[in-house]
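**Student:** Input: one structure, supplied below.
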């Protein structure tokens, strides 16, 4: 694992001048992930904020080969790219080792791109898939997705006189990916740069498909001041809203665990997407979210304990 | 001496693929194209081609993987039918818009609903505006030859568009014919090595593929794409000349059968042309000046060639094996009328027949009836109904 100073000297693969928002979590996630390999890397992106803001023709912010195809198919597109690489390598037309990474938002990954992702994992393509998860369709204007948490206010599951935002819990995509028995799957978030880069390094070096689910706060959609992106990212982990886990060859472990988890309300109150939950009539929902968070945490604890196979369970 | 092998249309396609030996094939099974995917997988399993297969989980992913592979700079092929082509729809436009020379065998089959697995052109005709070059084949021999020819068309540096090689589901795809094969080495030489321009995998010279293209550039790029399709006609004619020299065939964009002095003619695509040719021969024996026009290359549309073929006719029937459901019949008819209206001083009376949907047989009797109607129109100059249906219980 490189030091911060060493990381700062790695040439940027996503250069400045792109049109993503100041305070965008996705951009930070992409830069941290790309610091995870020193080998040449080919980037694929699903349609979304990242793609539309970094490739406005005739400009491109990418200093590395980049391909965008459509919304739901970055995993299949990169399957084709990686297969072409194997074909060329077999024929001796390419000698060097190249790494492949696919970026998709939560809409393009949890929802419309889930089938393509599952196919890519099952076929064992050597591609790292990174979901930059901002918990809604932000590019089209904050619509609910399968990653949107219970109670969040979005434009297609809005709060109203009789509704209180999203009525369902979010999908546990990391577990779904892990069920493909891939060599490496993880969750992380951008405040923990060291954790992010370490996980990216592991994922890039694994032999087979890998996956990192990165919580990438979006100040426009979550409605907090733009300069608070990293603080929100940290709060998500400290409250247990976003557990820092990894699944390496079937072994689940926490890569970081807060000594005591802060109440979930601290994470919720920092964002206006949950503002309505603090009205008297909705306060029971906060308790419900706390309960959901605790239950999921306990589930992960059980998983880490039963899969550790001789490893010492992490503190 | 080249061999003659007993092959179905599907196996003719996979044999051409074996000889081409593409770098990547991404495909998904669907009747009646499954046999192509199956037999080519077996070819690879037996080491007769060293293609990398991507056995995808859907046709949408098949075309998406083809886009990724082709953009990477390798020769890429696939095969599908009907619902599979429909599921690919979104990515068909992207493959063409990104100017990727992907080759697809499309075994034409009816679209749902109601579900039907048999041959008609509703899949291919629906995809006529996706920006793919479309070739329609009459029999397994043509499927084999056009499969090979398509590589040169798609990869021509002035074309760079994907090519769809169409054949009729079951009628061609599952019927065994004697197919005259080229030698492996000759095919290898004819298709040559694919040399990509600015491939994605050139990591030292990074290129951004699929950028967002707004009001100030999109139109120019679409114009260039449309221009490439327009210009491709001339290049395809040149490539036919080269292919004909290679194969001893006389392929053109449009085939004319007994059209030199024809007064009435049927214009059709694919396997129906075989049946029509038989009827033309019979009518000729009776002294009726009948002929047939077969469109081989439907996209780019051979406007001049179609108009020229129709120039001296007294009556024309255009056969469509798909209904646009526009209320006005088939797509081929519309395009043929555009050619005649734009280019011919004398507008031949033309009628449209929609036929054979969902694999309904088209037989000699139906073709004869259509010619009989053309005889009447030629005599009177009067068209009773422009849009007609053949072989349907109304």
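The values are calculated or read from the model by the stated rules, or taken from the named source; none is laboratory data. The structure displayed is predicted, hence computed values, not measured ones. In this analysis, Cβ positions are derived from the backbone assuming ideal geometry, glycine residues included, and neighbour counts consider all displayed protein chains.
Rundown of residues vs (1) in contact with a strand residue (DSSP E or B) (Cβ under 8 Å, 6 or more places away or on another chain); (2) over 25 Å from residue B:299 (Cα atoms); (3) at pLDDT 95 or above; (4) within 9 Å of chain A (Cβ to nearest Cβ), yes/no style:
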| position | (1), (2), (3), (4) |
| --- | --- |
| B:188 | no, yes, yes, no |
| B:201 | yes, yes, yes, yes |
| B:206 | yes, yes, yes, yes |
| B:215 | no, yes, yes, no |
| B:218 | no, no, yes, yes |
| B:251 | no, no, yes, no |
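**Student:** Please go through the range A:108-119 and give me each residue that is away from every other protein chain (no Cβ under 13 Å) and within 19 Å of residue A:67 (Cα to Cα), ordered by number.
**Tutor:** Within the range A:108-119, A:109 is the sole residue that qualifies.
**Student:** Restricting to the range B:114-132, count the residues that are under 23 Å from residue B:175 (Cα atoms) and either part of a helix (DSSP H, G or I) or modelled with pLDDT under 95 (or both).
**Tutor:** Residues flagged as under 23 Å from residue B:175 (Cα atoms) and either part of a helix (DSSP H, G or I) or modelled with pLDDT under 95 (or both) within the range B:114-132 amount to 4.
**Student:** Is there a residue being within 19 Å of residue B:302 (Cα to Cα), surrounded by fewer than 20 Cβ atoms within 10 Å (Cβ to Cβ) and at pLDDT 95 or above anywhere in the range B:260-276?
**Tutor:** Within the range B:260-276, one or more residues are within 19 Å of residue B:302 (Cα to Cα), surrounded by fewer than 20 Cβ atoms within 10 Å (Cβ to Cβ) and at pLDDT 95 or above.
**Student:** Only one of B:234, B:222 is in contact with a helix residue (DSSP H, G or I) (Cβ under 8 Å, 6 or more places away or on another chain), loosely packed, with under 14 Cβ neighbours inside 10 Å and modelled with pLDDT of 95 or more. Can you tell me which?
**Tutor:** So the residue among B:234, B:222 that is in contact with a helix residue (DSSP H, G or I) (Cβ under 8 Å, 6 or more places away or on another chain), loosely packed, with under 14 Cβ neighbours inside 10 Å and modelled with pLDDT of 95 or more is B:222.
**Student:** State yes or no: is residue B:24 more than 10 Å from chain A (Cβ to nearest Cβ), in contact with a helix residue (DSSP H, G or I) (Cβ under 9 Å, 6 or more places away or on another chain) and within 25 Å of residue A:91 (Cβ to Cβ)?
**Tutor:** Against the criterion (more than 10 Å from chain A (Cβ to nearest Cβ), in contact with a helix residue (DSSP H, G or I) (Cβ under 9 Å, 6 or more places away or on another chain) and within 25 Å of residue A:91 (Cβ to Cβ)), residue B:24 does not qualify.
**Student:** Would you mind finding the one in B:64, B:70 that is surrounded by 24 or more Cβ atoms within 10 Å (Cβ to Cβ), in contact (Cβ under 8 Å) with a residue 12 or more places away in the chain, at the interface with another protein chain (Cβ under 8 Å from one of its Cβ atoms) and over 17 Å from residue A:88 (Cα atoms)?
**Tutor:** Exactly one of B:64, B:70 is surrounded by 24 or more Cβ atoms within 10 Å (Cβ to Cβ), in contact (Cβ under 8 Å) with a residue 12 or more places away in the chain, at the interface with another protein chain (Cβ under 8 Å from one of its Cβ atoms) and over 17 Å from residue A:88 (Cα atoms), namely B:64.
**Student:** Among the residues in the range B:40-52, are any buried (at least 24 other Cβ atoms within 10 Å of the Cβ), touching a residue at least 24 places away in the same chain (Cβ under 8 Å) and assigned to a helix (DSSP H, G or I)?
**Tutor:** Yes, that holds for at least one residue.
**Student:** Here is a list: B:9, B:47. Which entry is within 14 Å of chain A (Cβ to nearest Cβ) and modelled with pLDDT of 95 or more?
**Tutor:** The conditions single out B:47.
**Student:** Separate question: Residues A:197, A:182: which one is surrounded by 21 or more Cβ atoms within 10 Å (Cβ to Cβ), closer than 25 Å to residue A:108 by Cα and within 14 Å of the chain's Cα centre (by Cα)?
**Tutor:** A:197
**Student:** For the range A:174-200, enumerate the residues that are over 30 Å from residue A:154 (Cα atoms), touching a helix residue (DSSP H, G or I) at 6+ places or on another chain (Cβ under 7 Å) and in a loop (DSSP other than H, G, I, E, B).
**Tutor:** A:180, A:182
**Student:** Determine, yes or no, whether residue A:122 is within 9 Å of chain B (Cβ to nearest Cβ) and either surrounded by fewer than 24 Cβ atoms within 10 Å (Cβ to Cβ) or in contact (Cβ under 8 Å) with a residue 60 or more places away in the chain (or both).
**Tutor:** Yes: the conditions hold for residue A:122.
**Student:** Does any residue of the range B:98-113 turn out to be part of a helix (DSSP H, G or I), at pLDDT 95 or above, over 30 Å from residue B:250 (Cα atoms) and within 14 Å of another protein chain (Cβ to nearest Cβ)?
**Tutor:** No, the range B:98-113 contains no residue that is part of a helix (DSSP H, G or I), at pLDDT 95 or above, over 30 Å from residue B:250 (Cα atoms) and within 14 Å of another protein chain (Cβ to nearest Cβ).
**Student:** Still on this model: Of these, B:318, B:279, which one is in contact (Cβ under 8 Å) with a residue 24 or more places away in the chain, part of a helix (DSSP H, G or I) and touching a helix residue (DSSP H, G or I) at 6+ places or on another chain (Cβ under 7 Å)?
**Tutor:** B:279
**Student:** Of the residues A:235, A:300, A:230, which is surrounded by fewer than 18 Cβ atoms within 10 Å (Cβ to Cβ) and modelled with pLDDT of 95 or more?
**Tutor:** Answer to the selection: A:230.
**Student:** Across the range B:19-39, what is the total count of residues that are crowded, with 21+ Cβ neighbours inside 10 Å and out of contact with any strand residue (DSSP E or B) (no Cβ under 9 Å at 6 or more places or on another chain)?
**Tutor:** Adding up the residues that qualify gives 1.
**Student:** In this structure, is residue A:203 in a helix (DSSP H, G or I) and under 28 Å from residue A:102 (Cβ atoms)?
**Tutor:** For residue A:203, the condition - in a helix (DSSP H, G or I) and under 28 Å from residue A:102 (Cβ atoms) - is met.
**Student:** Filter the strands (runs of 3 or more DSSP E) completely within the range A:2-107 down to those with at least 3 residues that are within 25 Å of residue A:215 (Cβ to Cβ), within 11 Å of chain B (Cβ to nearest Cβ) and in contact with a helix residue (DSSP H, G or I) (Cβ under 7 Å, 6 or more places away or on another chain).
**Tutor:** In the range A:2-107, A:41-45, A:99-105 are the strands (runs of 3 or more DSSP E) which contain 3 or more residues that are within 25 Å of residue A:215 (Cβ to Cβ), within 11 Å of chain B (Cβ to nearest Cβ) and in contact with a helix residue (DSSP H, G or I) (Cβ under 7 Å, 6 or more places away or on another chain).
**Student:** Which ones in the range A:16-47 are under 15 Å from the mean Cα position of the chain (by Cα) and under 20 Å from residue A:236 (Cβ atoms)?
**Tutor:** If the condition is that a residue be under 15 Å from the mean Cα position of the chain (by Cα) and under 20 Å from residue A:236 (Cβ atoms), then A:24, A:25, A:26, A:27, A:28, A:29, A:30, A:31, A:32, A:33 are the ones that fit.
**Student:** Moving to a separate point now. Across the range A:125-165, what is the total count of residues that are away from chain B (no Cβ under 14 Å), in contact (Cβ under 8 Å) with a residue 60 or more places away in the chain and either over 18 Å from residue A:187 (Cβ atoms) or assigned to a loop (DSSP other than H, G, I, E, B) (or both)?
**Tutor:** 14
**Student:** Would you call residue A:254 surrounded by 15 or more Cβ atoms within 10 Å (Cβ to Cβ) and touching a strand residue (DSSP E or B) at 6+ places or on another chain (Cβ under 8 Å)?
**Tutor:** Yes.
**Student:** Might you check whether a residue that is part of a helix (DSSP H, G or I), touching a strand residue (DSSP E or B) at 6+ places or on another chain (Cβ under 8 Å), surrounded by 24 or more Cβ atoms within 10 Å (Cβ to Cβ) and touching a residue at least 24 places away in the same chain (Cβ under 8 Å) occurs anywhere in the range B:85-96?
**Tutor:** yes
**Student:** Let me ask something else. Among the residues in the range B:167-175, are any modelled with pLDDT of 95 or more and surrounded by fewer than 19 Cβ atoms within 10 Å (Cβ to Cβ)?
**Tutor:** yes
**Student:** I'm trying to understand the selection: among the residues of the range B:50-61, which are more than 14 Å from residue B:17 (Cβ to Cβ) and either over 23 Å from the mean Cα position of the chain (by Cα) or more than 8 Å from chain A (Cβ to nearest Cβ) (or both)?
**Tutor:** Of everything in the range B:50-61, those that are more than 14 Å from residue B:17 (Cβ to Cβ) and either over 23 Å from the mean Cα position of the chain (by Cα) or more than 8 Å from chain A (Cβ to nearest Cβ) (or both) turn out to be B:54, B:55, B:56, B:57, B:59.
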